[in-house]
Amino acid sequence: MSNNTVLTNKEHKDRIENIYGKTMKEVMHDMVVNRNLDQWDGSKELGISKELFVRWRTQYQLGPMQRTANVAEQHRNETIKKYQNELETVDINREFVYKGETSLRGFKEMIERLLEIQKQKGIISNKNATSNLSLIVGVGILEGVLDHINKYEEDKLGEKFKSEIHLLKWITENE
């Protein structure tokens, strides 16, 4: 081919696959995901137009927004699987041990049970992004409450309080 010959997209693809010894999808994955090349550097390295690079990146779902969505979906799926494993042997309808008791242990049991329900709801409504966000927040709040109860029971909540006061003073002094 002479320098004046314009290659088709397929010819570019074939040429690149021959050079790299990989499929175009593998080449693009390596460049975009592993090496984090943008359309300018990637197209320059492959000897193609920026537009063609972006088209292939989109075709193989490697664009920045798609990659972010893929990571979010993977994280959501891993979280749902974790919830399923945690709740596999849990009977949501079991009797409360500290029923009718207004104590720290009764409160802790109630929070643990509410957390189980939130996680179960997360498993059921796995595909709805809006409810997913509210469930994630709900799970996070309940886990935070349990963490504070556990620190309190271990007599470590005072240490957290002192640490937070120290941080607050530092922020106030450095504003």
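The listed residues are I165, I111, and the only one of them that is within 19 Å of I92 (Cβ to Cβ) and either over 30 Å from the mean Cα position of the chain (by Cα) or among the hydrophobic types (A, V, I, L, M, F, W, C) (or both) turns out to be I111.
Can you name the residue in region 118-134 that is of a type outside the set (A, V, I, L, M, F, W, C) and open to solvent by 90 Å² or more (accessible area, probe 1.4 Å) and, of all such residues, is nearest to N77 (Cα to Cα)? I'd like the intermediate steps shown before the answer.
Taking region 118-134 first, the residues of a type outside the set (A, V, I, L, M, F, W, C) are 118-122, 125-128, 130-132, 134.
Adding the requirement that they be open to solvent by 90 Å² or more (accessible area, probe 1.4 Å) leaves 121, 127, 130.
Numbers: K121: 14, K127: 10, T130: 15 Å.
Checked region 118-134; the qualifying residue nearest to N77 (Cα to Cα) is K127.
Please specify each residue of region 73-105 satisfying the condition of being under 18 Å from L146 (Cβ atoms) and surrounded by 15 or more Cβ atoms within 10 Å (Cβ to Cβ). Selection gives T79, Y83, L87. Here is a check on your reading of the model: is G100 part of a helix (DSSP H, G or I) and not acidic (D, E)? No: the conditions fail for G100. Criterion applied to N132, N93, N126 was being touching a residue at least 12 places away in the same chain (Cβ under 8 Å) and not in a helix (DSSP H, G or I), and the one residue passing it is N126.
Residues in region 19-72 that are of a type in the set (G, A, S) and surrounded by fewer than 17 Cβ atoms within 10 Å (Cβ to Cβ): G21, G47, S49, G63, A69, A72. Scanning region 37-57 for residues that are more than 22 Å from V6 (Cβ to Cβ) and out of contact with any Asp or Glu (no Cβ under 8 Å at 6 or more places or on another chain) yields D38, D41. Condition test on K10, is it open to solvent by 100 Å² or more (accessible area, probe 1.4 Å) and either assigned to a helix (DSSP H, G or I) or among the hydrophobic types (A, V, I, L, M, F, W, C) (or both)? When the stated conditions are applied, K10 passes them.
Scan region 135-175 for residues that are touching a Gly at 6+ places or on another chain (Cβ under 8 Å) and open to solvent by 90 Å² or more (accessible area, probe 1.4 Å) and jot them down. It would help to see each step written out before you state the result.
Step one: of region 135-175, the residues touching a Gly at 6+ places or on another chain (Cβ under 8 Å) are 135-136, 139.
Within region 135-175, just I136 meets the criteria.
The values are calculated or read from the model by the stated rules, or taken from the named source; none is laboratory data. This is a predicted model, so every value here is computed, not measured. All Cβ positions, even for glycine, are placed from backbone atoms using ideal geometry, and neighbour counts span all protein chains on display. The accessibility values were calculated without ligands, DNA or RNA, using every heavy atom of the protein model including side chains. Shrake-Rupley method; radii C 1.70, N 1.55, O 1.52, S 1.80 Å.
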